[in-house]
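See structure below.
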Amino acid sequence: MEIRYWNKEIETADREKLRQIQLQRLKSIIASALKTPFYSRRLPSVGIHSPDDIKSLDDLRKIPFTTKDDLRQNYPKGLLSVDTSEVVRIHTSSGTTGVPTVIYLSAKDLDAATDIMARSIYATGTDKTDILQNMMSYGLFTGGLCMHYGAERVGLMVIPAAGGNTKRQIQLMKDFRTTVLHITPSYLLHVHSKLAEYSVAVSDLALKKAFVGAEPHSENTRRKIEDLFDIDAYNSYGLSEMNGPGVAFECVYKTDLHLWEDAYIVEIINPKTGELVPDGKEGEVILTNLIRHAMPLMRYRTRDLAFLHKESCPCKRTHRRLSRILGRTDDMLIINGVNIFPSQIEEVIMKIPEVGTNYQICVEKQGALDRLIVKVELYSKIFMGEAKQIDNLKAKIADELKASITLKPAVELHEPGVLPVFEGKAVRVVDSRPKL
Amino acid sequence: MKIKQISIFLENRKGRLYDVCALLGKNDINIRALNVAETEAFGILRIVVNKPDAAVKALKDAGIVAKITDVVAIEVDDRPGGLTDILKVLADEDVNIEYMYGFVEKSSDRALMVFRFDDVDKAVNILKKHSIKIVTEQGVREL
Ligand SMILES: [Zn+2]
């Protein structure tokens, strides 16, 4: 198999060389972090007053974890190291409440992130002759724009189709001879189920590859996608807090995802104790971003569960491979690629006077796609006797939820006392999707 | 001249209509008129009963969402065109009917119908002006 490298020197650097790069970049990130309100309080509290206090990579472990809650409490600018005049882009992702998580990128940060994205794309054997249809949502979500920039850097022709409108997507694939898709696995399966409806056969398309990500999926799902479309599907991993989809990517061997260790320091920990677990053992993924200075983020608790492979890859890249995401340590739901916390839904429901405080969140499969149903109970005193009022209320709840979580759920109104009453929070969520 | 109608919010669950009717029966309440407005997910059951206040209390005690609204019960001549005559009067006088439905039993040779108007008072005045017979609360109790 032909192996092509975007940056051979870095991608195949020996481990010692990689560690040197990490140490030098970490010191530089510390310098930026000390300019932020958040880290300028936190780092001195553990004895780090300047980059020189980091003598070796082991000193990273002195730095406390940064959590999503830290980001929420320091929203919007507590982790910003530069004046906003130096910032060229922001992105956000879902917070556990109405407060989102925001990241800032300077021109240099964006350039570095784009380069890592380009490296990821190139590692799959994709090159400038390819045509990418980017079917992730554009906007505040990193998945659309960050992939777009990386693909342009490699020189692909990019079709910024964004999500939705399956008929138009299929038309675009046909008309422009799309060779590569960037898409969630569930949407890709949905697209297949629609081909017949539009009288299009897989053989009418020019597809060769798909970059699938933004939601966990199994090896079986990948195989199914590959068989149905007769393509290669490459798994991708990333999160907004770490600049989006290029954190780790599969190479042509498709045996899990090279995590770009010159750009990120990865640790896998036992989520309960915070202790490191050895390679090969499952734990929570902790990431330190080494290429973003406008908003440094160190030892970030992703809440994603995965493990690092011990064995090297035949592609000769020295960057360790991260497994598929095996689960979460929190109650975040991933619904058609959108991250949603049950607490976000709760926050919205509690502000609507026409419904009671009891609610239930149900997630199910409808064909290939996920379906979110929010069940609430009608507050009896507000009922005016008309069906129109009920319909309007359902529409209002759906609209307010969409404003907060970005996707529109189905809303069910029930009679009071019908939904089960729970003490805890987790049991309010009924996820009946098949297990991975 | 208005009478009380009870609107009940019911989710589409098997046996739910039966539950409500059984509850009313147990409380010695007679349903005089009944209508169900259904959507895919829920229904609004509308009833006129002989003892509306007792009915609402029984329903609310059982945790059922119920609301009293004012409607008008009209006697319609039980002959071809009997209803049309009344509808024409209302249309000519620009009275908007939200919905209407029939009583369960008949009063002699006249059919009884429940009308819900967006402006009940205006509707009552117009009906009176045209000498259309309206059934009173007392009348409903004595049916
Ligand atoms: Zn490889």
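The values are calculated or read from the model by the stated rules, or taken from the named source; none is laboratory data. Computed from a predicted structure; not experimentally measured. No Cβ is skipped: glycine too gets one built from the backbone with ideal geometry, and neighbour counts run over all protein chains shown. Heavy atoms of the whole protein, side chains included, go into the accessibility calculation; ligands, DNA and RNA do not. Shrake-Rupley method; radii C 1.70, N 1.55, O 1.52, S 1.80 Å.
Against the numbered list (1) closer than 30 Å to A:T221 by Cα; (2) without any contact (Cβ under 8 Å) to a residue 60 or more places away in the chain; (3) more than 16 Å from the ligand (Cβ to nearest atom); (4) within 20 Å of the chain's Cα centre (by Cα), A:L308 comes up short only at (3).
Whenever a residue of the stretch A:37-49 is farther than 14 Å from A:L60 by Cα, its partners that are assigned to a helix (DSSP H, G or I), lying with C-beta atoms within less than 9 angstrom and at least six residues away or across chains, give the pairs A:F38/A:D70; A:F38/A:L71; A:F38/A:Q73; A:S40/A:A33. Of the residues examined, A:L80 is not one that is buried (at least 19 other Cβ atoms within 10 Å of the Cβ), in a strand (DSSP E or B), on the phi < 0 side of the Ramachandran plot and more than 16 Å from the ligand (Cβ to nearest atom).
The lone criterion from (1) within 20 Å of B:A111 (Cα to Cα); (2) within 14 Å of chain A (Cβ to nearest Cβ) left unmet by B:D78 is number (2). Could you grab the pairs with beta carbons closer than 8 Å, sequence gap of 6+ or different chains, first residue in the stretch A:395-411 and outside the structural domain of A:L372 (by TED's automatic domain parsing), second one open to solvent by less than 70 Å² (accessible area, probe 1.4 Å) and of a type outside the set (G, A, S)? Matching pairs, first to second residue: none at all. Is it the case that the stretch B:17-25 has a residue that's more than 14 Å from chain A (Cβ to nearest Cβ) and buried (at least 16 other Cβ atoms within 10 Å of the Cβ)? Yes, the conditions are met somewhere in the stretch B:17-25.
In the stretch A:34-59, the residue that is farthest from the ligand (Cβ to nearest atom) out of those that are within 20 Å of A:V266 (Cα to Cα) and part of a loop (DSSP other than H, G, I, E, B) is A:K55. Just one of (1) within 20 Å of the chain's Cα centre (by Cα); (2) assigned to a loop (DSSP other than H, G, I, E, B) fails for A:G385. It is (1).
Scanning the stretch A:106-140 for residues that are under 26 Å from A:I231 (Cβ atoms) and of a type in the set (A, V, I, L, M, F, W, C) returns A:I116, A:M117, A:A118, A:I121, A:A123, A:I131, A:L132, A:M135, A:M136.
Can you tell me which residue in the stretch A:347-371 is farthest from the ligand (Cβ to nearest atom), limited to those that are without any contact (Cβ under 8 Å) to a residue 24 or more places away in the chain and part of a strand (DSSP E or B)? Checked the stretch A:347-371; the qualifying residue farthest from the ligand (Cβ to nearest atom) is A:T357.
Taking into account only those residues within the stretch A:130-186 that are among the basic types (K, R) and free of Cβ contacts under 8 Å to residues at least 40 places away in the same chain, which is nearest to A:N243 (Cα to Cα)? Checking each candidate, the answer is A:R153. Considering only residues that are more than 11 Å from the ligand (Cβ to nearest atom) and among the polar types (S, T, N, Q), look in the stretch A:239-264 and name the one that is surrounded by the most Cβ atoms within 10 Å (Cβ to Cβ). Here the residue is A:N243. Among the residues making up the stretch A:286-323, those that are of a type in the set (K, R) and under 25 Å from A:T12 (Cα atoms) are A:R292, A:R299, A:K310, A:K316, A:R317, A:R320, A:R321. The listed residues are B:L10, B:L34, and the only one of them that is surrounded by 15 or more Cβ atoms within 10 Å (Cβ to Cβ), in a strand (DSSP E or B) and more than 14 Å from every other protein chain (Cβ to nearest Cβ) turns out to be B:L34.
Considering only the stretch A:107-143, how many residues are more than 22 Å from A:W6 (Cβ to Cβ) and polar (S, T, N, Q)?
Of the residues in that region, 1 qualify.
One residue stands out in the stretch A:1-33 among those that are within 22 Å of A:P76 (Cα to Cα) and in contact (Cβ under 8 Å) with a residue 24 or more places away in the chain: the one that is nearest to the ligand (Cβ to nearest atom), namely A:I29.
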